[in-house]
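The block underneath contains the structure these notes are about, expressed in structure tokens.
Where a number appears in this text, it was derived from the coordinates with a stated rule and is not lab data. This one's a predicted model, so the numbers in the text were calculated from it and none came from an experiment. Every residue, glycine among them, receives a Cβ derived from its backbone with ideal geometry; neighbour counts consider all protein chains shown.
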Amino acid sequence: MASKGSDPSSGENVIPSAIKILIAGGFGAGKTTMVGSVSEIAPLSTEELMTEASLGVDDLSGVEEKSTTTVALDFGRITINDGLVLYLFGTPGQQRFWFMWDELALGSLGAVVLADTRRLETCFPSVDFFERRAIPFVVAVNCFEGAHRYDPEEVREALSISSHTPIVLCDARSRESSKEVLSTLVNHVAETVAAGV
């Protein structure tokens with residue numbers, strides 16, 4: 001993941017490496033919120049108001065107050081340092097939009113799976129998707145107000161994921177918390193590449 005171009009200490013311009021990252025997870029887990037909280041540009045969002053057409057199609061259990069939904073993707077960008085820029089692609093969470101995930105995953109080097117412990121089962125499809133494609137990922141437990149707090153190892157056991165996959169607690173509304181998640185992912189991707197996994 002070394003930067004391209006000249007050494008920044010020489011005074012010459014450096015062209016940063018760009019890494020595509022997916023932000024996935026269940027419906028209402030906080031994907032759009034995370035992209036928006038951490039992006040240094042105005043994020044592109046395809047949030048639309050939910051209509052009666054989604055009744056009986058989208059499971060609103062536990063997120064009854066949700067009034068909008070991502071229908072295509074969210075997009076944001078964050079510069080980690082002079083040599084590294086992350087392009088963030090938030091996936092739609094509802095099953096009827098899962099057909100888009102393969103296209104969004106093309107060229108991605110890693111992913112964040114946002115987990116909502118009130119509806120933990122909704123992140124199973126994301127975990128399965130990245131495991132099947134050998135895309136390194138971290139699980140970020142979005143700590144919603146009023147939700148029971150679980151130890152990361154309890155979440156690991158519930159999701160049946162390997163011990164080398166990082167699990168972090170986060171607040172998707174917080175820029176610093178979201179940056180910490182992305183930093184954990186970048187380190188995990190680097191370690192995975194170095195280990196040749």
Note, the stretch 78-92: 3J(HN,Hα) by Karplus (6.51, -1.76, 1.60, θ = phi - 60°), whole Hz, Gly/Pro = x, goes 9, 8, 7, 7, 4, x, 8, 10, 9, 9, 9, 10, x, 8, x
Distance between modelled label sites at ARG173 and GLU154, nm, 7 Å Cα→Cβ extension: 2.2 nm
Non-local residues with an amide H under 5 Å from the amide H of LEU73, with H modelled 1.01 Å from N and Pro and chain starts lacking one, are THR46
Under the 0.36 nm per residue contour assumption, what length would be gained going from the current alpha-carbon distance of ASP128 and ALA147 to full extension? 4.4 nm
Spin-label point model (7 Å from Cα, Cβ direction): what's the TYR87 to LYS20 distance in nm? 0.7 nm
Please list the non-local residues whose amide H lies under 5 Å from the amide H of GLY25, H modeled 1.01 Å from N, same-chain partners needing a gap of 5 or more. LEU114
